[in-house]
Amino acid sequence: MKIFFIIILFSSSIVAQNNLPAMDRINNLLKMQRASHLFYVQIGAFKNKRYATIIYKKLRKMHYPLKIEKRKIGLDKYFKLLIGPFRTKKEAYSMRDSLPKKYRDSFILTEDN
């Protein structure tokens, strides 16, 4: 379904690029699709902002690009601690793998631009 949507969305780009070889057109479409998403490593989600802030300060000392994002799910508030953004999923996984061992079970989130 997602592939179908991407093909329709970028069909005008394909027509405009008809004089390029097929692989160049495919690579251009993939670059455009990747540019429309940002990726983050989620370290955790905390009900108490204080806990998120403590870990934020520890990781900030190691120069990670961090942010705390407030989310409401039902009546509950959560504070998500995120590293990023990254332009590719590969960059996000690479960052996750370079984290201290206790944070390596973190997962990757995708955010549409």
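The values are calculated or read from the model by the stated rules, or taken from the named source; none is laboratory data. Computed from a predicted model, the values in this text were never measured in an experiment. Cβ sites come from the backbone with ideal geometry, for glycine too, and all protein chains shown count toward neighbours.
So, Lys72, is that one exposed (fewer than 12 other Cβ atoms within 10 Å of the Cβ) and farther than 23 Å from His37 by Cβ or not?
Yes; evaluated as a whole, the condition is true for this residue.
Output the residues belonging to segment 80-113 that are free of Cβ contacts under 8 Å to residues at least 60 places away in the same chain and among the aromatic types (Phe, Trp, Tyr).
Correct list: Phe86, Tyr93.
Just give me the residues in segment 84-113 being within 8 Å of the chain's Cα centre (by Cα) and of a type outside the set (Phe, Trp, Tyr), in sequence order.
Correct list: Gly84, Pro85, Arg87, Thr88, Lys89, Ala92, Ile108, Leu109, Thr110, Glu111.
Within segment 73-92, can you find the residues that are farther than 23 Å from Lys61 by Cβ and either assigned to a helix (DSSP H, G or I) or outside the structural domain of Arg60 (by TED's automatic domain parsing) (or both)?
Lys89, Lys90
Within segment 93-107, how many residues turn out to be of a type in the set (A, V, I, L, M, F, W, C), surrounded by 15 or more Cβ atoms within 10 Å (Cβ to Cβ) and not in a loop (DSSP other than H, G, I, E, B)? Working first, answer last.
Kept after step one, since they are of a type in the set (A, V, I, L, M, F, W, C), are these residues of segment 93-107: 95, 99, 107.
Cutting the leftovers down to surrounded by 15 or more Cβ atoms within 10 Å (Cβ to Cβ) gives us 95, 99.
Checking which are not in a loop (DSSP other than H, G, I, E, B) leaves us with 95.
Result for segment 93-107: 1.
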